[in-house]
Amino acid sequence: MNPPDHLRPLQRLVHPAPRTPQLSAAPAAGPAATPAAELWLAIQLPQLPLDLATSGHAERKPCVLVEGSGARQRVTLVNSEAARLGIRAGMALGAAHALGEVTALQRMPAIEERALARLCAWAYQFTPVVNAVGPDGLLLEVRGSLALFGGLHGLLTTLRRGLRELGMRSFAFAAAPTPLAATWLARGRQPATVDSFAALPAALAVLPLDTLRLPVRQLQDFYGIGVHTIGECLRLPRDGLARRFAPDLLRDLDRALGREPDPRPAFTPPERFSQRLDLLWEIHHAQALTTGMERLLHELGGVLRARSAVIRSLCWTLHHRDGTTVPHRLSLVAPSRDVAHLARLTREHFARQRLPAPVRGFELEAADFEIQTAVDIEDLFCRGPRGESTDERWPQFVERLQARLGPDALKELAAMPDHRPERSMRMTPLGAAPAADTVDGTVRRRRPRPLWLTRQPLPLAEQNGRPALGGALTLGPERERVQGGWWEGADLARDYFVARDPRGTRWWVFRELEGRRGWYLHGVFE
Amino acid sequence: MTLEELMRRARLWRAGEASAEPGLPTGFAALDAALPAGGWPFPGLIEILCGQPGSGGLRLMLPVLARLAHEQRWLIWVAPPYQPYAPALQAADIDLRRVMVVDVETADGAAAPGLPAGRPGAARAAGEGSQVLWAFEQALRFPGCGAALLWPGPLEALTLRRLQLACEAGGTLGVLFRAGECAEQSSPAALRLLLTPQPADDALDITILKCRGSLRARECRLPL
């Protein structure tokens, strides 16, 4: 049977692309069939509790959601792995356990509510009008966003990919001119796009009454008088309906059909990001954490895009089995909101970590949102640490190395205006020293200088009054006296020589002019 | 497919035929003349078998390092055996603002003083699977890098192959300063040089053990 014309499946909009993204669904011409000013997109997440519980893990195990208690525990939701074992909703938990190893989860309304709020913050990147519909739905007013995201098809593609990145595995969409109609259509698994008020009554009429999520008694009353769909319900006399059933129902029906306004509270996006992900199974290796971490990073990325903000640092806090919490702070060279980059940094950081105890959950915090104004964000990545380069990915490259090797592992070199060898250069952590006090490169030294300097002068053995290094060294004819530094409390007095060993390698050695008058190695020529 | 077609597709490497890509001038005329590409193979992995620091291996690289730095590309020194002496690099016309040192000894907390005799101190850390080797490979794969230098311990042929591929992926010059004994190991590096200092003549003998685009071993001598 073909669906009625006003119920145009989304797929049909998806594939034969030449159709315009304008969703002119109603065939009838005339003012009533013009597209409504608002288009509400409902996202229904029927498996939200299960998806949330497993989103920290890469591997998928059979999970079911149970309600009730004791022997009357019933399975209410089943993920696809559990369904493969033959477990169905409505089974007793005992029967489900008999079919295979399965993890049973209780509903946690508080966690689901928080998760919906997070999803709202994430969805704020698509439209400023976002609304949570508890316990498992979202509403987005998308009329104004269609052009930006390439029509409804483009928007849905982006949404699908994004939801999968967040670890959501099952979702349904529907679009309609009123929020309630969109929600009911999505709940009724009618992947429909209804674009005008004129087409709305017919689209809703076929939906079964249970998509309204009425109280069980009300629903049974309706079934008792032979009313099973919204269409049949709408044919009942209005006053009787209001009297016999709650007046709320009549109001909802009017709102769904657009006869009455349906104001929705505005969603305010958060100023900071702080999310915790509890793991269903303990994780023993740091690398295995990254799947769940990437999901949180995708969430963060969505929130940052929504706020058009960037961050300079983020903090992971691991909750270990023994009750300890360990923070891992990652700081960025350049502000960013690039999820791939943040994920790479996180991976590199945790690749070198050994977990002191198994991890039960982790938190991601990012507080220092910097709101980007008119500046093109890509522009920020095109400068090196000293602002002059055209390297596109230098900051990211540096961060990646630092994440793995430690923040002080990368050093820069500077030549200093000082005649004492150890003071004439500086090797300091990248960005730690004030820049640009390097002496001008045009300063040439007449005296021989080695390419290598030892970190400290290394004491040399002495043979017959001459320094030795795997055999006596032959001193060159030139002697360079270096003195001074008393004004800094680092006085030195040395005679430097170029010395040659039997193999021909040239060393830079000196003899102390005072005290022990020992020989030291200070450099290597090439 | 005929042989002619294969030849025309130019995907066959024929021994004895100079490689099409011109190399980077080494800054030493005698060495340029001896190298089939007229300079360092670029991008590519170069092995300089010179034993401990002080045998002239680094000096060979100074002109090309200066040139790459002037082209705004980074010079990444991965776990060098001693501190590169900044004024000397400057005297060799190397832009210090383009030099980064991966100083992993301090990162690992083990201060290796770099004993003058024997193998360089960093060598122990730069073996297979080490952080140092990882950092070197990342540097080679990073397109903003011009050249990355490493003083490694023993490496397997498979690792060398990976490093050569990393050079090609990043468009970079990878330089390994290795012990002279490594000459017997077969290697996928684009160029392998064996250095023999001749202190009596104040000269450095360079033997080209292997070079892409040439089968013949060649030699040249540079004044020290």
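Restricting things to alpha carbons, tell me how big the range A:110-182 is in terms of Rg and Dmax, in Å.
So, for the range A:110-182, Rg and Dmax equal 11.9, 36 Å respectively.
So how exposed is residue A:284, as accessible area in Å² (1.4 Å probe, rounded to 10)?
For residue A:284, solvent-accessible area is about 110 Å².
When the Kirkwood hydrodynamic radius is evaluated over all pairs of different C-alpha atoms of chain A, what value in angstrom, to one decimal, is obtained?
On the way: mean 1/r = 0.0345 Å⁻¹.
Result for chain A, one decimal place: 29.0 Å.
Could you sort A:411, A:61 by their accessible area in this structure, using a 1.4 Å probe and putting the largest first?
Working: A:411 20, A:61 75 Å².
Accessible-area ranking of A:411, A:61, largest first: A:61, A:411.
Once the Cα atoms of the range A:259-345 are picked out, what are the Rg and Dmax in Å?
16.4, 58
Could you work out, residue by residue across B:91-97, how many beta carbons of other chains sit within 10 Å of that residue's beta carbon, and then give the average as an integer?
Average neighbour count from other chains, rounded to a whole number: 5.
Students sometimes get this wrong: rank A:108, A:425 by accessible area, probe 1.4 Å, all chains present, largest first. Please list the in-between numbers first.
Details: A:108 105, A:425 15 Å².
The most accessible residue leads, giving A:108, A:425.
Using Stokes-Einstein with the Kirkwood hydrodynamic radius over Cα pairs, what translational diffusion coefficient do you get for the range A:270-320 at 37 °C and a viscosity of 0.692 mPa s, in µm²/s rounded to a whole number? Intermediate results must be reported in sequence, preceding the final value.
Values: Rh = 12.3 Å.
Result for D is 266 µm²/s.
With a 1.4 Å probe and every protein chain kept in, tell me what percent of the accessible surface of the range A:474-526 is carbon plus sulfur. Write down the numbers at each step before the final one.
Numbers: 1240 of 2670 Å².
The value for the range A:474-526 is 46 percent carbon and sulfur by accessible area.
Magnitude of the Cβ-charge dipole of chain A, K/R +1 and D/E -1, about the Cα centre, nearest 20 debye? Please report the intermediate quantities before stating the final value.
On the way: 68 positive and 57 negative charges, 221 e Å.
Dipole magnitude for chain A comes out near 1060 debye.
Report the accessible area of residue A:328, computed with a 1.4 Å probe over the heavy atoms of all protein chains in place, in Å² rounded to the nearest 10.
Estimated to the nearest 10 Å², residue A:328 gives 20 Å².
Restrict the search to the range A:489-526; then list the trypsin sites (Lys or Arg not before Pro) that DSSP places in a loop and that have at most 11 other Cβ atoms within 10 Å of their Cβ. Provide the component values of the computation, followed by the final result.
On the way: sites: A:494, A:500, A:503, A:506, A:511, A:516, A:517; in loops: A:503, A:516, A:517.
Hits after loop and neighbour filter: A:516, A:517.
For chains B and A, what's the summed buried accessible area, probe 1.4 Å, to the nearest 100 square angstrom? Write out the running numbers ahead of the final one.
Values: alone 11340 and 27320 Å², together 33860 Å².
Buried area between the two chains comes out at roughly 4800 Å².
With the cut-off at 1.5 for a/c, could you classify the range A:60-174 from its C-alpha gyration tensor as rounded, prolate or oblate?
On the way: a/c = 3.35, a/b = 2.19, b/c = 1.53.
Since a/c reaches 1.5 and a/b is larger than b/c, the shape of the range A:60-174 is classed as prolate.
For the range A:103-260, max minus min Cα coordinate along each principal axis, in Å, sorted largest first?
Sorted largest first, the three principal extents are 46, 43, 21 Å.
Using only Cα positions of the range B:34-100, each an equal point scatterer, no hydration layer, compute I(q)/I(0) via Debye at q = 0.13, 0.18, 0.25, 0.27 Å⁻¹ and quote the log10 values to two decimals.
For the requested q values the scattering log ratios are -0.39, -0.76, -1.38, -1.48.
May I ask you to list, by number, the DSSP H helices of chain A whose Cα span along the axis is at least 20 Å and whose average Kyte-Doolittle hydropathy reaches 0.0 or more?
On the way: long enough: A:109-123 (21 Å, 0.34); A:151-165 (21 Å, -0.25); A:290-307 (25 Å, -0.18).
Membrane-span-like by this rule: A:109-123.
By accessible area of protein heavy atoms, probe 1.4 Å, what ranking do A:130, A:498 get, highest first? Can you show the working numbers first?
Numbers: A:130 5, A:498 35 Å².
In descending accessible area the options line up as A:498, A:130.
The values are calculated or read from the model by the stated rules, or taken from the named source; none is laboratory data. Because the structure is a prediction, the values reported are computed rather than measured. Cβ sites come from the backbone with ideal geometry, for glycine too, and all protein chains shown count toward neighbours. Remember, those area values only see protein heavy atoms, side chains included, never the ligands or the DNA or RNA. Shrake-Rupley method; radii C 1.70, N 1.55, O 1.52, S 1.80 Å.
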